[in-house]
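The values are calculated or read from the model by the stated rules, or taken from the named source; none is laboratory data. Just so you know, these numbers come straight off a predicted model, no measurement behind them. Note that we place each Cβ from the backbone using ideal geometry, even for glycine, and neighbour counts take in every protein chain shown. Quick note on the areas: whole protein, heavy atoms, side chains included, nothing else; ligands and nucleic acids left out. Shrake-Rupley method; radii C 1.70, N 1.55, O 1.52, S 1.80 Å.
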Amino acid sequence: MRLSVLIFLIVIISSQSSFSQEYDESYLESILEKISSVTGSSPLIDEIQKFIDKPLPLKTATTEELLQLPGFSTSIAQMILIISLNPDATYDDIDNALNLTDEQMYLLKLCTTLDYPVQTAKSKKSYLRIRNQNQFQTQRGFETGSFKGTSLNMYAKSSIYYKNISAGFLFDKDPGEQFVTNFTSGFISGKVLNTQFIIGDYFVENGMGSILWKSYGMRKGAEVISPAMQIGSGIKPYRSSIDYNFFRGLAIQSNWGFSKSANLSSILWASYSPRGANIDSSGKYVTSLYSAGYYRTENELEKRYVINEKSFGGNLELQLESMKFGFTSYLLDYSKEITSTAKTAFNGKSGLLSSAYFFLFFDNSSYSAEVSSDAKGNISAKSSAQFKLGDVELAFHYRYFKPNFRSPLGYNLGESDAPANETGLYSGILWKVLKNLNLSLYVDVYKNLSETPYLPIPKKGIDAFTELDYDITSRTKIKLRLRNEISTDSYKNDSDVYTSFTKNISRARLDFIQSFKDIKLYIRGEGVYARFGNIKTDEKGFLTFADLSWEPLSYIKIGGRVTYFSTDSYESAIWQFESIVPGYFLTFPMYGKGTKLFIYAGFTPVGEVSLWLRYSILTKKGVESMGSGYNEIRGNTDSRLYLELDVRF
């Protein structure tokens with residue numbers, strides 16, 4: 001710890017270079033918050049980082065490639081690519097023609113280029129990121145001696161690009177784990193003629209994602225249009241530290257262009273990967289898959305890589321001028337039979353999952369549908385439509401997943417991320433009222449098709465959201481956000497019996513953002529009111545923060561945030577999305593009464609070297625400890641220090 005601080009201070013003193021003006025964490029925080037769940041973290045930052053390292057050439061990009069960036073509908077993506085074909089096209093031309101939001105323009109400039117690939121190609125480009133986190137309070141797992149490893153919390157990731165070849169490697173260690181390389185992941189990816197290959201860790205996106213998608217996806221939030229239509233883009237290198245829901249082996253994707261308007265693509269893959277699980281006393285059956293990712297104690301280590309997962313699969317897709325349709329099928333085979341009834345887990349020992357899908361693309365509208373079958377023959381279906389009518393965009397998404405449908409690698413836009421036991425209709429509207437005024441809203445009506453172990457009747461609900469985004473001037477912005485959800489919930493009475501009731505949670509939030517030449521001020525106020533019928537007393541909560549960032553010199557950026565919160569319990573928690581350091585975003589539930597302060601500093605001492613420091617302290621009133629289980633700490637204060645080094649060369 002002393003050594004890392006000493007190195008940090010030496011580099012600060014030697015700072016003589018300019019700080020990158022392109023990578024703005026406040027914009028990325030706003031973008032990722034729009035598409036993240038209140039319980040998620042860093043949903044797409046690894047994908048965005050890939051395009052920061054190697055920008056997407058718009059003049060040769062496909063619609064599917066551009067849609068990998070969050071926040072763009074199919075119609076907008078197609079129009080961006082059409083405008084980009086003009087040899088003299090600029091980003092201002094795109095903005096003037098399409099009236100994009102500040103976040104969309106920022107992401108477009110950060111992750112794409114208007115130059116031709118031959119102009120942007122570099123013989124070699126490398127990237128390295130190292131991150132360390134220190135918690136000053138001692139967790140109960142260390143106090144009791146339950147943790148087998150040290151308190152070191154370390155993350156490292158590297159990438160290299162050489163012509164058509166790219167490679168990446170990362171390792172991650174949590175406090176209490178024994179080895180720095182507790183989780184390791186890597187890949188080599190390349191392209192030869194019309195064929196792309198990946199050796200190592202990868203994931204596959206196909207169709208609309210019912211049976212194959214990345215381990216995170218766009219969720220209901222302030223981005224109301226683009227999440228409604230998921231469009232798979234094939235094989236992708238795996239770049240995350242989440243240690244499940246990816247393949248390990250070989251994947252090949254080939255494209256055969258018969259003409260300018262006809263293309264046939266095929267994907268083949270083979271994977272063999274160990275997984276964490278809980279095994280029953282007989283040693284024959286898996287009672288549940290383990291996805292917490294911690295291997296610190298004897299009990300946790302007993303779950304580490306105790307079963308093996310094999311997968312073989314393929315996809316065939318035909319794309320014509322305005323449509324494409326395809327078929328995907330793959331086998332999952334486990335070394336032990338899985339008896340878990342969890343809707344995120346495979347059920348059985350082996351089985352074949354399949355899906356058929358189609359997409360229709362027109363200038364101002366898009367349509368899609370997918371039908372899928374799981375290993376037991378259970379059927380699911382989803383369909384979507386997007387429309388652009390002048391300054392108004394519309395999106396609709398319908399899903400139907402049977403109660404016993406199981407797709408461990410699939411994804412659902414709905415009340416639950418898991419594609420199981422849910423039907424619903426999502427409707428979204430984005431109205432660009434004026435150049436500086438946007439109104440967005442969605443309504444999601446959903447229900448379960450059967451009861452659950454904790455709810456004696458099928459759950460149903462209505463989730464409604466609206467946001468008004470107004471740029472008073474180019475430097476002054478306000479956002480008003482309202483959300484109300486009425487849903488069925490369960491309550492465990494004194495007889496340990498679950499009963500149902502109707503819960504209604506209303507939320508209101510106001511953001512004010514003021515930018516100056518070198519200073520940015522961000523103020524938020526948010527309130528929640530939760531009603532539980534006759535089950536218990538209504539609850540309320542309030543949160544406010546003030547965030548200030550300042551660039552006093554071209555190579556230095558400093559800032560901080562002060563948050564005050566007061567809620568009656570966890571039921572009325574307010575979730576706060578935070579940019580910890582570049583590439584690391586988390587969502588925290590703020591409940592009870594207390595304050596949170598963090599300050600940070602970023603430096604670019606030499607060339608493409610950036611160094612970041614962040615200190616945070618959370619204080620709660622009226623509590624003797626914080627956290628639970630092995631993570632519990634004594635007292636009412638949780639303070640942490642983060643250090644991150646980024647090197648590009």
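Within the group LEU316, LEU301, LEU320, which residue is within 23 Å of PRO237 (Cα to Cα), more than 26 Å from the chain's Cα centre (by Cα) and of a type in the set (A, V, I, L, M)? Even if it seems obvious, please write down each step before you answer.
Values: LEU301 fails: within 23 Å of PRO237 (Cα to Cα); LEU320 fails: within 23 Å of PRO237 (Cα to Cα).
The unique qualifying residue is LEU316.
Within region 53-83, count every residue that is in a helix (DSSP H, G or I) and charged (D, E, K, R).
Step one: filter region 53-83 for residues in a helix (DSSP H, G or I), giving 53, 63-66, 74-83.
So of that shortlist, the ones also charged (D, E, K, R) come out as 53, 64-65.
Counting residues in region 53-83 that are in a helix (DSSP H, G or I) and charged (D, E, K, R) gives 3.
Residue-by-condition table, conditions (1) in contact (Cβ under 8 Å) with a residue 60 or more places away in the chain; (2) over 26 Å from the mean Cα position of the chain (by Cα):
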residue: LYS503; (1), (2): no, yes
residue: ARG509; (1), (2): no, no
residue: PHE512; (1), (2): no, no
residue: SER515; (1), (2): no, yes
residue: TYR522; (1), (2): yes, no
residue: GLY525; (1), (2): no, no
residue: ILE535; (1), (2): no, yes
residue: ASP538; (1), (2): no, yes
residue: LEU543; (1), (2): no, no
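Given the conditions (1) without any contact (Cβ under 8 Å) to a residue 60 or more places away in the chain; (2) more than 11 Å from VAL204 (Cα to Cα); (3) more than 18 Å from the chain's Cα centre (by Cα), report the number of the one that ILE252 does not fulfil.
Here ILE252 clears every test but (2).
State all residues of region 541-561 that are out of contact with any Ser or Thr (no Cβ under 6 Å at 6 or more places or on another chain), closer than 19 Å to PHE516 by Cβ and not aromatic (Phe, Trp, Tyr); if no residue qualifies, say none. First the steps, then the outcome.
Start the filter on region 541-561 by keeping residues that are out of contact with any Ser or Thr (no Cβ under 6 Å at 6 or more places or on another chain), which leaves 543-544, 546-553, 556-558, 560-561.
Checking the rest, the ones that are also closer than 19 Å to PHE516 by Cβ come to 546-553, 556-558, 560-561.
Passing the criteria: ALA546, ASP547, LEU548, SER549, GLU551, PRO552, LEU553, ILE556, LYS557, ILE558, GLY560, ARG561.
Can you confirm whether region 177-190 contains a residue that is among the hydroxyl-bearing types (Ser, Thr, Tyr), modelled with pLDDT of 95 or more and under 20 Å from ALA61 (Cβ atoms)?
Yes, region 177-190 contains a residue that is among the hydroxyl-bearing types (Ser, Thr, Tyr), modelled with pLDDT of 95 or more and under 20 Å from ALA61 (Cβ atoms).
Starting from residues that are aliphatic (A, V, I, L, M) and not in a strand (DSSP E or B), keep the ones in region 331-347 and report whichever is least open to solvent (accessible area, probe 1.4 Å). Quick ask: steps written out before the conclusion?
The initial filter retains those residues of region 331-347 that are aliphatic (A, V, I, L, M), namely 331-332, 338, 342, 345.
Cutting the leftovers down to not in a strand (DSSP E or B) gives us 342, 345.
Working: ALA342: 43, ALA345: 5 Å².
Among residues in region 331-347 that are aliphatic (A, V, I, L, M) and not in a strand (DSSP E or B), the one least open to solvent (accessible area, probe 1.4 Å) is ALA345.
Take region 72-89 and flag every residue that is of a type outside the set (S, T, N, Q) and open to solvent by less than 10 Å² (accessible area, probe 1.4 Å). Steps first, answer last, please.
Step one: of region 72-89, the residues of a type outside the set (S, T, N, Q) are 72, 76-77, 79-83, 85, 87-89.
Matches in region 72-89: PHE72, ILE76, ALA77, ILE80.
Mind checking whether some residue in region 134-152 is under 25 Å from ARG648 (Cα atoms), of a type outside the set (D, E, K, R) and buried (at least 19 other Cβ atoms within 10 Å of the Cβ)?
Within region 134-152, not a single residue is under 25 Å from ARG648 (Cα atoms), of a type outside the set (D, E, K, R) and buried (at least 19 other Cβ atoms within 10 Å of the Cβ).
Table: residues versus (1) modelled with pLDDT of 90 or more; (2) surrounded by 15 or more Cβ atoms within 10 Å (Cβ to Cβ); (3) part of a loop (DSSP other than H, G, I, E, B).
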| residue | (1), (2), (3) |
| --- | --- |
| ASP469 | yes, yes, no |
| LYS479 | yes, yes, no |
| ASN484 | yes, yes, no |
| SER495 | no, no, yes |
| SER500 | no, yes, no |
| ARG507 | yes, yes, no |
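Can you tell me which residue among GLY533, GLY594, GLY525 is outside any strand (DSSP E or B) and farther than 30 Å from SER240 by Cβ? Lay out the reasoning, then the answer.
Details: GLY594 fails: outside any strand (DSSP E or B); GLY525 fails: outside any strand (DSSP E or B).
Only one candidate passes the filter, namely GLY533.
Considering region 610-628 alone, what residues qualify as being in contact (Cβ under 8 Å) with a residue 40 or more places away in the chain and small (Gly, Ala, Ser)?
SER610, GLY627
Which residues, counting only those in region 575-591, are in contact (Cβ under 8 Å) with a residue 60 or more places away in the chain and in a strand (DSSP E or B)? Write out each step before concluding.
Taking region 575-591 and keeping what is in contact (Cβ under 8 Å) with a residue 60 or more places away in the chain, we get 575, 577-587, 589.
Listed by number, the residues that qualify are TRP575, PHE577, GLU578, SER579, ILE580, VAL581, TYR584, PHE585, LEU586, THR587, PRO589.
Search region 273-298 for residues being without any contact (Cβ under 8 Å) to a residue 24 or more places away in the chain and under 28 Å from the mean Cα position of the chain (by Cα), and hand back the single one that is least open to solvent (accessible area, probe 1.4 Å).
The qualifying residue least open to solvent (accessible area, probe 1.4 Å) is TYR290.
Are any residues in region 247-272 touching an Asp or Glu at 6+ places or on another chain (Cβ under 8 Å), open to solvent by 40 Å² or more (accessible area, probe 1.4 Å) and at pLDDT 95 or above, and if so, which ones?
Scanning region 247-272 gives ARG248, TYR272.
Out of LEU434, LEU455, LEU441, which single residue is closer than 18 Å to ALA385 by Cα and out of contact with any Cys (no Cβ under 9 Å at 6 or more places or on another chain)?
On the way: LEU434 fails: closer than 18 Å to ALA385 by Cα; LEU455 fails: closer than 18 Å to ALA385 by Cα.
Of the residues listed, the single one that is closer than 18 Å to ALA385 by Cα and out of contact with any Cys (no Cβ under 9 Å at 6 or more places or on another chain) is LEU441.
Please go through region 55-104 and pick out each residue that is under 23 Å from the mean Cα position of the chain (by Cα) and among the charged types (D, E, K, R).
Matches in region 55-104: GLU64, GLU65, ASP102, GLU103.
Would you please name the residue that is least open to solvent (accessible area, probe 1.4 Å), looking only at residues in region 348-381 that are among the acidic types (Asp, Glu) and either in a strand (DSSP E or B) or within 30 Å of ILE80 (Cα to Cα) (or both)?
If we filter region 348-381 for residues that are among the acidic types (Asp, Glu), which is where we start, we get 363, 370, 374.
With either in a strand (DSSP E or B) or within 30 Å of ILE80 (Cα to Cα) (or both) added as a condition, the list becomes 363, 370.
Details: ASP363: 118, GLU370: 3 Å².
Residue satisfying both the conditions and the ranking: GLU370.
Within region 70-102, how many residues turn out to be farther than 18 Å from ALA228 by Cβ and among the β-branched types (Val, Ile, Thr)?
Going through region 70-102 one residue at a time, the tally reaches 5.
Out of region 548-572, which residues are in a strand (DSSP E or B), surrounded by 20 or more Cβ atoms within 10 Å (Cβ to Cβ), in contact (Cβ under 8 Å) with a residue 40 or more places away in the chain and within 25 Å of the chain's Cα centre (by Cα)?
Initially, region 548-572 is screened for residues in a strand (DSSP E or B), giving 548-553, 556-567.
Pick out the ones that are also surrounded by 20 or more Cβ atoms within 10 Å (Cβ to Cβ) and you get 549, 557, 559, 561, 563, 565, 567.
Cutting the leftovers down to in contact (Cβ under 8 Å) with a residue 40 or more places away in the chain gives us 549, 557, 559.
Within region 548-572, SER549, GLY559 qualify.
Please go through region 573-593 and give me each residue that is small (Gly, Ala, Ser) and surrounded by 21 or more Cβ atoms within 10 Å (Cβ to Cβ), ordered by number.
Within region 573-593, the first condition is being small (Gly, Ala, Ser), and the residues that meet it are 573, 579, 583, 592.
Once the filter is applied, which keeps residues that are small (Gly, Ala, Ser) and surrounded by 21 or more Cβ atoms within 10 Å (Cβ to Cβ), region 573-593 yields ALA573, SER579, GLY583.
Taking region 299-330, which residues are hydroxyl-bearing (Ser, Thr, Tyr) and surrounded by fewer than 15 Cβ atoms within 10 Å (Cβ to Cβ)?
Going through region 299-330, the residues hydroxyl-bearing (Ser, Thr, Tyr) turn out to be 305, 311, 322, 328-330.
Of everything in region 299-330, those that are hydroxyl-bearing (Ser, Thr, Tyr) and surrounded by fewer than 15 Cβ atoms within 10 Å (Cβ to Cβ) turn out to be TYR305, SER322.
For region 231-245, name all the residues that are part of a loop (DSSP other than H, G, I, E, B) and under 30 Å from TYR367 (Cα atoms). Steps first, please.
So the first thing to find is which residues in region 231-245 are part of a loop (DSSP other than H, G, I, E, B), and the list is 231-233, 238-245.
Within region 231-245, ILE231, GLY232, SER233, TYR238, ASN245 meet the criteria.
I'd like the residue in region 604-634 that is at pLDDT 90 or above and in a loop (DSSP other than H, G, I, E, B) and, out of all such residues, is most open to solvent (accessible area, probe 1.4 Å).
Among those that are at pLDDT 90 or above and in a loop (DSSP other than H, G, I, E, B), it is GLU624.
Hey, does region 446-459 have a residue that's open to solvent by 20 Å² or more (accessible area, probe 1.4 Å), not aromatic (Phe, Trp, Tyr) and not in a loop (DSSP other than H, G, I, E, B)? Spell out the reasoning first.
Narrowing region 446-459 to residues open to solvent by 20 Å² or more (accessible area, probe 1.4 Å): 447-454, 456-459.
Those still in the list that are not aromatic (Phe, Trp, Tyr) too: 447-453, 456-459.
From what's left, not in a loop (DSSP other than H, G, I, E, B): 447, 452.
Scanning region 446-459, I find at least one residue that is open to solvent by 20 Å² or more (accessible area, probe 1.4 Å), not aromatic (Phe, Trp, Tyr) and not in a loop (DSSP other than H, G, I, E, B), so the answer is yes.
So, LEU67, is that one among the aliphatic types (A, V, I, L, M), within 18 Å of PRO227 (Cα to Cα) and out of contact with any Leu (no Cβ under 8 Å at 6 or more places or on another chain) or not? Step through it out loud before you land on a result.
Details: among the aliphatic types (A, V, I, L, M): yes; within 18 Å of PRO227 (Cα to Cα): yes; out of contact with any Leu (no Cβ under 8 Å at 6 or more places or on another chain): yes.
It is true that LEU67 is among the aliphatic types (A, V, I, L, M), within 18 Å of PRO227 (Cα to Cα) and out of contact with any Leu (no Cβ under 8 Å at 6 or more places or on another chain).
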